[in-house]
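Engineer: Pasting a structure below so you can have a look.
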């Protein structure tokens with residue numbers, strides 16, 4: 001393979017003047033400010049940039065939908081697909097903690113939601129079931145709980161012994177009137 005050399009470039013003094021060279025130079029001391037407002041792609045209203053969520057990849061550094069429209073879209077999506085949040089949260093939690101996602105099929109989750117109408121699995125609780133309870137050792141699915149009961153089990157380390165100790169304590173310390 002024979003290598004050929006290019007002819008040397010002409011310096012600026014030897015280069016002919018073009019129309020671009022005759023333009024007025026840009027003012028370097030004048031700062032260029034970004035626009036303070038943006039048009040929402042969903043509602044069509046012009047809003048300040050503070051009314052949009054930040055997103056570095058976008059030209060102005062904010063999303064195309066305002067915070068209000070984004071919130072409504074998120075709520076609508078979660079109402080239409082309630083199981084996606086459970087499954088995605090399980091996957092994210094597994095990645096974060098280094099474990100396995102829930103061992104539950106979509107059909108099992110749908111069946112459980114139909115049986116309980118989306119309420120907590122605790123007997124006398126009518127709160128909405130927002131948490132998915134699972135065994136931390138096996139990853140097996142146990143049921144759907146409200147946030148309060150899910151936290152209570154978590155604080156007791158999912159231990160039957162600790163739960164019995166708490167029950168004994170309440171029985172001993174509760175005053176009967």
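Engineer: Keeping to the range 131-166, report how many residues are modelled with pLDDT under 85, in contact with a strand residue (DSSP E or B) (Cβ under 8 Å, 6 or more places away or on another chain) and not in a strand (DSSP E or B).
Structural biologist: 3
Engineer: Report whether or not residue 70 is in the same structural domain as residue 42 (by TED's automatic domain parsing), at pLDDT 80 or above, closer than 30 Å to residue 40 by Cβ and out of contact with any strand residue (DSSP E or B) (no Cβ under 7 Å at 6 or more places or on another chain).
Structural biologist: no
The values are calculated or read from the model by the stated rules, or taken from the named source; none is laboratory data. Since we're looking at a predicted model, the values are computed, not measured. Note that we place each Cβ from the backbone using ideal geometry, even for glycine, and neighbour counts take in every protein chain shown.
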